[in-house]
Amino acid sequence: MATSNIVPELEEPLSSIEKGWKSTHLTQYQGFWLPLKFLSGIMACRERFEACKDDIILNTTPKSGTTWLKALTFTISNRARHDFHNHPLLTTNPHALVPFLELELYADEQIPDLTNLPSPRLFSLHLPYELLPTSIIESNCRIIYLCRNPKDTFVSLWHFLNNLLPEDEPPVPMEEAFELFHGGISPVGPFWEHLLGYWKASLERPERILFMKYEELKEDPTFHCRRRLAEFLGFPFSIEEERQGLVEKIERFCSFESLTSLEVNKSGKTRHGMPNKNFFRRGIAGDWKNHLTAEMSEKLDQLSQQKLEAFGLTFKDVGK
Ligand code: PAP
């Protein structure tokens with residue numbers, strides 16, 4: 001890996017440093033709230049990442065099931081290379097198998113050499129569609145977007161960011177965090193604009209952008225692995241593989257229960273310094289009902305309806 005001072009001068013001044021989430025300071029850039037800590041990596045990646053047509057880029061809003069999607073896509077697309085007894089997932093956290101471009105590979109202005117990676121290269125990003133490196137759009141590479149209903153996303157985010165605070169620091173009260181999230185101030189938020197960017201792009205280019213929802217994947221992982229992920233990735237299951245129950249095997253192998261039973265996911269840290277165990281909490285749809293008041297739930301429902309429904313984007317109301 002080489003480093004150089006390639007981060008360009010920002011085209012517009014940054015504004016409004018927001019410290020409300022405490023563990024993650026955010027600053028506004030082109031209408032989105034970006035984590036200050038990762039700004040140089042974001043700019044370096046936007047400037048320098050060269051996408052190829054065969055690349056597969058996983059994009060998510062934070063806490064939408066990124067770790068799960070990484071495990072599934074890696075396992076499906078590399079199934080000819082690795083058997084289950086000697087599989088990299090048994091000893092490696094999914095984030096190390098499908099690295100984040102802006103948070104890891106280009107962090108601190110690193111310029112990684114990615115030219116010799118086997119094709120298709122798998123990378124991930126949390127960036128909004130509008131801020132993607134231009135080479136991702138121009139190369140016409142495939143994008144898989146995974147999102148989750150706003151209520152579970154918020155609850156998961158609240159736990160995750162509080163876990164990053166030093167032990168002697170009190171957590172951000174849920175009410176305060178809620179006001180920030182609802183007001184659009186969350187990492188790579190506003191949440192709703194993040195979803196809409198990919199949703200609209202997926203309607204325009206469905207053959208290159210696959211739009212998925214956590215709740216639907218949770219409800220029927222077999223269907224989504226077989227009919228959506230594997231086919232989109234270009235690694236469809238053969239009749240023989242289906243007959244042997246390989247789809248269900250992969251689904252179980254990548255399940256929350258399976259990943260959390262592995263030693264590697266109980267200790268250690270990702271390249272961007274997050275404890276591996278923090279990526280696994282409950283792994284269910286509808287946990288929001290154990291945390292949000294009826295009023296909070298109503299406020300998020302109304303906002304989602306207002307922002308998303310006109311574009312045909314809705315979520316099943318899990319947990320009600
Ligand atoms: P990231 O965006 O920071 O990479 P991400 O993996 O998207 O994190 O979010 C973690 C959430 O996915 C956690 O949700 P929870 O807080 O509601 O529990 C985590 O438990 C869940 N998760 C991780 N792995 C799986 C899995 N294999 N199946 C289902 N959910 C999972």
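Find how many whole Å separate the alpha carbon centroid of region 32-89 from the alpha carbon centroid of region 266-316.
20
Would you mind checking region 198-224 for residues with the amide N under 19 Å from a putative spin-label position 7 Å along Cα→C-beta of Phe235?
208-212, 221-224
Computing the accessible area with a 1.4 Å probe over protein heavy atoms, can you report the carbon and sulfur percentage for region 16-311?
That fraction is 50 percent.
Within a Cβ distance under 14 Å of Cys147, other residues only, what is the Lys/Arg minus Asp/Glu net charge?
Taking every Cβ under 14 Å from that of Cys147, the sum is +4.
Could you work out how much longer the chain between Glu263 and Phe280 gets when fully extended? Use 0.36 nm per residue separation minus the Cα distance between them, nm to one decimal.
Gain on stretching Glu263 to Phe280: 4.8 nm.
Stretch Thr293-Leu165 to full length: gain in nm at 0.36 nm per residue minus the Cα-Cα span? Before the final figure, lay out each step's value.
Numbers: separation 128, 0.36 × 128 = 46.08 nm, distance 2.43 nm.
Difference between extended and current length: 43.6 nm.
When Lys and Arg each count +1 and Asp and Glu each count -1, what net charge do the other residues less than 10 Å away from Glu241, Cβ to Cβ, add up to? Please report the intermediate quantities before stating the final value.
Details: positive: Arg79, Arg226, Arg243, Lys249; negative: Glu240, Glu242.
After counting each charged neighbour, the total is +2.
Can you compute the helix-only [θ] at 222 nm over the chain? Use -39500 (n - 2.57) per DSSP H run of at least 4 residues, normalise by all residues, nearest 500 deg cm²/dmol. Provide the component values of the computation, followed by the final result.
Working: 12 runs with 107 residues, N = 320.
Calculated mean residue ellipticity at 222 nm is -9500 deg cm²/dmol.
Which distance in Å, rounded to a whole number, links the C-alpha centroids of region 202-239 and region 128-164?
17
Does anything in region 133-152 have its amide N under 17 Å from the 7 Å Cα→Cβ label point of Lys53, and if so which residues?
135-143
Filter Lys22/Lys299; Lys63/Lys307; Lys218/Lys307; Lys200/Lys277; Lys53/Lys316; Lys19/Lys218 down to the pairs with a C-alpha to C-alpha distance above 31 Å, please.
Lys200/Lys277; Lys53/Lys316; Lys19/Lys218
Along Cα→Cβ, 7 Å out, is where each label goes; now give me the distance between the ones at His25 and Leu97 in nm to one decimal.
3.7
At 0.36 nm per residue, and after removing the present C-alpha to C-alpha distance, how many nm does the segment from Glu138 to Ser16 gain when stretched out fully?
40.8 nm
Tally Lys/Arg at +1 and Asp/Glu at -1 over every other residue whose Cβ is under 13 Å from the Cβ of Gly197; what's the total? Kindly include the intermediate steps, with their values, before the conclusion.
Numbers: positive: Lys200, Arg205, Lys307; negative: Glu130, Glu193, Glu204.
Around Gly197, the surrounding residues sum to 0.
Do any GluC sites (Glu not before Pro) in region 204-271 lie in a loop, going by DSSP, with at most 13 other beta-carbon atoms within 10 Å of their beta carbon, and if so which?
Passing sites in region 204-271 are Glu207.
Highest GNM mean-square fluctuation, the chain, Cα pairs closer than 10 Å: which of Glu104, Glu295, Glu175?
So, out of Glu104, Glu295, Glu175, the one fluctuating most is Glu295.
The values are calculated or read from the model by the stated rules, or taken from the named source; none is laboratory data. In this text, all values refer to a predicted model and were calculated from it rather than measured experimentally. Backbone-built Cβ (ideal geometry, glycine too); neighbour counts: all protein chains shown. Surface areas here come from the heavy atoms of the whole protein model, side chains and all, with no ligands, DNA or RNA. Shrake-Rupley method; radii C 1.70, N 1.55, O 1.52, S 1.80 Å.
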